[in-house]
Amino acid sequence: MKNKGRLARRIIAVIVCMTLVLAALPTGVFSAFAQTEKGKLKVTSISDIHYFADSEKGTGDTKNGFSEAYNEWNDKGSRQHNEVDALLTAALDKAAEEKSDYVFLPGDLTLNGELAGHKALAAKLEAFEKESGIQVIVVNGNHDVNNYNGVTFKNGVKESGEVTSPEAFREIYKNLGRDLVTDEKEDVFTPTTGQAGQLSYAISLKGGYRLIVMDTNKYSSDVTAKGDDVQETAGSITPELMEWALKQCEKAKKNGETIIGMGHHNFAPHMTIEPELFFAFVLDDWMECAETLADAGMHFTFSGHLHTPDIASHVSDNGETLYDIETTSLSGFPNKFRTVTFDNTQDGKIICDAKSHDIDEDGPIVVNFPNGTSKTYAQPYKDSFSFFKTYGPGDLHNFAMTMIDNALSGIFEDIQEAGGLYAYLEASGIDLEKIIIDALGTNGFEVGSVEILTVSTNLMSFIKDLCAQVDEAYINNPDHVMEVIDGVVTKALNYQVSDYKCTKFYEAMGMESKNEKGTFEDAAYTVLYTLYNANEDISDDKFMNDVLDYFENRDGAKELINFLIDTLLNDVVEGEILSTLQFNPGKLFPAGSVTSPIGVVTDIIMQIIFRGNPSYENVIYSVLNLLPKKYSSLRNILNTVVMDEYMTQSQYDSIGYTVGRMLRSLVEDTNPAEKSDLDVTLVYDGPVEPEVTQDNMRLPSNIGTTFTGDASTERSINWYTKYSLKNSDIQIAEYSENPTFTDKLPKGVKVSTTSELVKREYPGVDLGIIGFISYGINVNRHTATITGLKPGTKYCYRVGDAKYGWWSGTGIIETADNSDSFTFFHVSDEQSQNAIQYGTWGKVVDTALKMFPEGKFFASAGDQVDYTKHFKQWQWFFNASENIKSTAIMPAAGNHEKSGYMLDQNFVLPKTVDQDRESGVFYSYDYNNAHFIVLNTNNLSDSKALSDDQLAWLKADAKASDAQWKIVVLHKALYSNGSHYDDKDVKAMRKQLCGLMPDLGIDIVLQGHDHVYLRTDVMDNNEVVKAEEQKITFGGREYTAKLNPEGTVYVISACAGVKDYQTKDVKDTDKLFPRAEAIYDAHSAVFSAITIDGSKLYFDAYMLDDEAKDGATRIDSFALSKVEKEEPENPEKPEKPEKPGLPDLPELPEIPGLPHWPGKPEKPEEPSDPSNPSEPLDPSDPASPIVPSTKPDTNKPEGDSKVPNTGAAAPVMLIAFAGAAFVIGCSAKRKKED
């Protein structure tokens, strides 16, 4: 018995111990031994409720019993505050009817985080839970926490609402999702540093599912851009939160649970422009987040925020798909919500059936007001009420005006409170007086202690008077400002964008369009209705397709921009501001100053001169009317200085392309498939094959090769891949048309590689030369330096990621052969503004290499891109042709690459001296018997010439080279007939270098910048140095060779892109330097092929021409020869001596109106046409390379005659006719006498 008792006690002790041990273990331990039973799961998703509690609306004797202040505010707004409670009730009732297992609320629960709103909403949801037995699960949105924009009207006036902290949010909603947490330590995220993500948690759901709820919002100083505890729109998953989420995914896998995610921000983009333009609605670094979660087993997520009922997907490198199911706002058009049913019982598949609901599909929405009245809304609610409430009130015009009013009213109030515009600027830290004095470098003119004319007294008096006028006319009269803006908005909305009538939208709304031809307003309505209704389809919308065509393929951008400029100039600048404000120069001499009498006299004179109307408009136009036509109005000045000079057709095309791309992104959607947003079945069935392209950077992008050492034995390569592809793999094989690549390198060849994760950016709003809303992406930059190559040998190579087998196409490396013969190309200003335009640059490369397959590399004189920090432009530049990776590109820095270390970020450059490389790089390299010196014309001194260190390097580098040929490449052309010929920096560099280049033995300078074609004669110290010339033939082409030239030739090869600029009148450039030997009005892309053959250099310039045999027309040619004149093999017989002619006539004086020809040649000869050397040039031909272009002056107004003014030349013509008659008469007389 004793033994039995002792045994029983032992058994009991063991059981107690085991119980204590097991109780101490986390619940996750048991999950390793038990797999959850799988099944179906039905959830209702209701998002972006923006709840505004009735208690915060105040009360009053009004139409609905709410306060008058609230009603006025609500009527002007786009939110549906009166209706939101009824809308939520309808959605919850539908969830109960559908017998949903759970209700998901992915954020933006309240209007702006009002504490009272959160409490009221939580109470309503808990009551629903109790009544229906359906669990509600919430997550916060960007509006919900630390939001200081909340309002309340409970006291009958608009006041700030009480702010909800993260702690308060957690407490209020503790029974709405958090109550399902089983392990507070593991399943609730607690950040170790900062507060971001602290409202995240994970729970198990019935049917074998695990929901990971992620607080993706920015409301704490550790993640907000401003570094304070105030909410922002954007969202992110911090590294620590991601680590926790991945552990939850691992836990779910061990338990056999299907993983679902929920957060407020989109986990994947729902339109192609979302990451660029609406980036605050998708997670920061969304691709990394989506792919990491997908690879961890999360294939379905719920989100809101963007207010569109859309489904999007993204596939990781490993083929894992993540579907992001976004639910639109319950209280905004189109007021939809979802029922989503999951099934994880189908042999490893996860089937997701998503169904979308209209808010009133089971009956009309009825709102009961506190005063006992009610309102029933016609069906469908979204069209009868919601659309024009969301985008109104009433119409799009009111919507725009309300947004503008909200933006401006606060600014005007601040200025008024500060005491006026001048005081407001001072309070804002803008010290106009100091700014002007610093800019002038002086306060003005003083005699002893007496101020005669100073900034502090005189100019500031004038400025203060102007600010006071602005206060009186506008700041204190905001209603008038809104009237002016209203007129502009009305004109803009009524602007015609199509010849077709907008029908589809109005028919859907049960309305008739008032416009027979579609307007901007019609297009805006169509876009909004199409986007927010989802399942976008405009295939049968003739009007919308015509709008897209108008911008993408016609002159929509050009016409719209000029319309807006005219409207702003006529209706705002001239018609309002300049006509209202008075020019009061008398205020320059304020009362009490020594010069005050001058002010009195000045005011009297102004009244007399301008007949009592000293408005700025009257004063300005009184002056402009005295000027030439092109300066006779503000519009003409704008055209002359900016529009005609820089707004090229390519610029308009770029803007049209951007507008069209943005519109298409809003009205077309094929992700995850066509019409897959509302009622759709999604299936996850394991990994799929990911899309692999250069655009998504799974294939290497931006592949470029350069010379960084000995061109006969070395080559360097640069390329980029997406953030996840870190391997810099390269394979090299000896040349073959069908190479076989292995990991084994050719004998003697060595490769060193690098890989670096970097941030690059591009603009969300891309206008080509400029952009707005910068968007950053993480990418890997790779480099490879290859050494040990054989001289004069071809190799094949490819780069990529061996792990995935994602390789580039085959590139070719051909090393220099150390001979004295080779061909290369000169190009410049390839800059373009979108992928289509960069196709022209690609065509230049392809055409050049087709015509000159022996060409070894491209010497680019800068402006490879239009917008230096636009990473996509660099992609388009390098990816424009498959041939680019088979040739080297040696770049100079253009003014468009003057910041951000852009050359270093996109090319591997030769080693050079230490320098500030932020604006570009100056360096040199050798190829066979030529030495190339690349200058950086952004690196300048205070005098605007080359910096001292660059100049010293140039001299030393050139003198150190004993190459037979020395060539300089630079961007800003020293000699040009383009718009920059007289820029301060260009003139300074011309003065600095024009005599130095010949001293350094520079044979030719290859230039860029001005987008025109020009070639000088041999130059030294800004003068022509005539060289003996000889006709020679090379490669079947004829050239005029300059023999042993004692100077330097300068060439600017127009542009290799799409931006053709206007040439300047040579009469203007003649004032600064001798007229060029060749000028050509290039209207298409240009490249120059340069062949060095021993002691001769042959230069051929070509312009792309689709009608030409080889795709390009020869527009200029010349040669340089460093040998004595060669005697022809079959010398021609000497011509018979001419009969004695007339004695030399005296030279006529230069007369205005006649062309100014270059200096009188020693041996006049008929120049040949560069495009056809066998045909003589007609000097009157506008395309003649030896005379100025006679293209009509495009700066003249349309009404002006295009016929050249020959009045000044008339006397000269009479003299010429008389002289001709005299010569003919003398000749006839002499013949008769003979």
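How much FRET efficiency would the formula 1/(1 + (r/R0)^6) give for ASP179 and GLN496, where r is the Cβ-Cβ distance and R0 is 45 Å, rounded to 0.05?
According to the calculation, E is roughly 0.15.
Quick one: if you stick a label point 7 Å off each Cα along the C-beta vector at THR373 and ASP414, how many nm between them?
Once both label points are built, they end up 3.8 nm from each other.
Run the numbers for LYS206 and ASP949: contour at 0.36 nm per residue of separation, minus the present Cα-Cα distance, in nm.
Difference between extended and current length: 260.2 nm.
Can you give the FRET efficiency for ASN1021 and ASN570, using 1/(1 + (r/R0)^6), R0 = 41 Å, r = Cβ-Cβ distance, to the nearest 0.05?
My answer for the efficiency is 0.20.
Among LYS630/LYS872; LYS1031/LYS1067; LYS253/LYS382; LYS843/LYS987; LYS898/LYS1122; LYS955/LYS1026, which pairs are too far apart, with a Cα-Cα distance over 32 Å?
LYS630/LYS872; LYS253/LYS382; LYS843/LYS987; LYS898/LYS1122
Can you work out the Karplus-derived ³J(HN,Hα) for every residue in segment 83-96? Use 6.51 cos²θ - 1.76 cosθ + 1.60 with θ = phi - 60°, whole Hz, and x for glycine or proline.
Residue by residue, segment 83-96 yields 9, 4, 5, 5, 5, 5, 4, 4, 5, 5, 4, 5, 4, 5 Hz.
What number do you get for segment 568-672 when its Cα radius of gyration is normalised by 2.2 N^0.38 Å, N = residues?
Taking the Cα Rg and dividing by 2.2 N^0.38 Å, one obtains 1.76.
So for segment 35-390, what are the equivalent ellipsoid semi-axes in whole Å, largest first, each being the square root of 5 times an eigenvalue of the Cα gyration tensor?
Three semi-axes, in Å: 33, 23, 19.
At 10 °C and 1.306 mPa s, grab the translational diffusion coefficient of segment 730-773 from Stokes-Einstein with a Kirkwood Rh over Cα pairs, rounded to a whole number in µm² per second.
107 µm²/s
Please give every one of the lysines within straight-line cross-link reach of LYS587, meaning a C-alpha to C-alpha distance under 24 Å, and leave out same-chain neighbours fewer than 8 residues apart.
Once the sequence-local lysines are set aside, what remains near LYS587 is LYS434, LYS464.
Considering the options THR503, THR526, VAL844, tell which one lies farthest towards the positive end of the dipole of the chain, charges being +1 on Lys and Arg and -1 on Asp and Glu at the Cβ, about the Cα centre.
The Cα lying farthest towards the positive end belongs to VAL844.
Contour minus end-to-end for ASP904 and ASN553, with contour as 0.36 nm per residue of separation and end-to-end as the Cα-Cα distance?
Working it through step by step, the gained length comes to 122.8 nm.
Output needed for segment 913-1023: three equivalent-ellipsoid semi-axes, defined as square roots of 5 times the C-alpha gyration tensor eigenvalues, in descending order, whole Å.
Equivalent ellipsoid of segment 913-1023: 20, 18, 13 Å, largest first.
Using alpha carbons only, how many angstrom separate the centre of segment 977-1008 from the centre of segment 388-465?
So the separation of the two Cα centres works out to 43 Å.
Please go through the residue pairs LYS850/LYS885; LYS558/LYS850; LYS99/LYS247; LYS226/LYS247; LYS972/LYS1042 and name each one whose alpha carbons sit more than 27 Å apart in this structure.
In this structure, LYS558/LYS850; LYS99/LYS247; LYS226/LYS247 exceed 27 Å between Cα atoms.
Read phi for every residue in segment 54-70 and hand back ³J(HN,Hα) as whole Hz from Karplus 6.51 cos²θ - 1.76 cosθ + 1.60, θ = phi - 60°, with x for Gly and Pro.
Calculated HN-Hα couplings, in order: 4, 5, 9, 8, x, 10, x, 7, 10, 4, 10, x, 7, 5, 5, 4, 5 Hz.
Counting DSSP beta bridges in the chain, what percent are antiparallel, to the nearest 5?
Around 75 percent antiparallel, to the nearest 5.
What is the distance, in nm, between label points placed 7 Å from the Cα along the Cα-to-Cβ direction at ASP695 and at THR402?
Going from the ASP695 label point to the THR402 one covers 3.7 nm.
Equivalent ellipsoid semi-axes for segment 799-886, as square roots of 5 times the alpha carbon gyration tensor eigenvalues: give them largest first, rounded to whole Å.
With the √(5λ) rule applied to segment 799-886, the semi-axes are 23, 20, 11 Å.
For a quick check: sort GLU882, GLU536 by the number of other beta carbons within 10 angstrom, fewest at the front.
Fewest-to-most Cβ neighbours within 10 Å comes out as GLU882, GLU536.
Which residue, chosen from PHE302, GLY208, ALA492, occupies the Cα position most advanced towards the positive end of the dipole of the chain, where the dipole is computed from +1 (Lys, Arg) and -1 (Asp, Glu) charges on Cβ about the Cα centre?
GLY208
Between segment 719-768 and segment 44-100, what is the C-alpha centre distance in whole Å?
What the calculation gives is 57 Å, centre to centre.
With labels modelled as points extended 7 Å from the Cα through the Cβ direction, what inter-label distance (nm, one decimal) is found for ILE436 paired with GLU483?
3.1 nm
Roughly how big is the chain's charge dipole about its Cα centre, with Cβ charges of +1 (Lys, Arg) and -1 (Asp, Glu), in debye to the nearest 20?
Dipole magnitude for the chain comes out near 2700 debye.
For LYS959 and THR912, calculate 0.36 nm times their separation in residues minus their Cα-Cα distance, and state this gained length in nm to one decimal.
Full-extension gain reported as 15.4 nm.
Which Cα, out of TYR621, SER728, SER633, lies furthest along the positive dipole direction of segment 597-746 (beta carbon charges, K/R +1, D/E -1)?
Going by the charge dipole, the pick is TYR621.
Using mean Cβ contacts within 10 Å as the protection proxy, how do 415-422, 719-726, 602-609 order, highest first?
Sorting 415-422, 719-726, 602-609 by mean packing, highest first, produces 719-726, 415-422, 602-609.
What pairs from LYS355/LYS514; LYS130/LYS251; LYS57/LYS336 go past 28 Å between their alpha carbons?
Table pairs above 28 Å Cα-Cα are LYS355/LYS514; LYS130/LYS251.
Taking every pair of alpha-carbon atoms in the chain, give the share separated by more than 60 Å as a whole percent.
30 percent
Quick check: from the Cα gyration tensor, does segment 702-818 come out rounded (a/c under 1.5), prolate or oblate?
prolate
For segment 584-628, what is the largest minus smallest coordinate of the Cα atoms on each principal axis, given in angstrom and ordered from greatest to least?
Extents along the principal axes, in whole Å: 40, 18, 13.
Relative contact order of segment 35-390, please, whole-number percent, based on alpha carbon pairs below 8 angstrom and at least 6 residues apart.
This gives 20 percent for segment 35-390.
Throughout, read-outs are computed from the coordinates displayed, never taken from laboratory work. Since the structure is predicted, the reported quantities are computational estimates derived from the model, not experimental observations. Glycine gets a Cβ as well: all are built from the backbone with ideal geometry, and neighbour counts include every protein chain shown.
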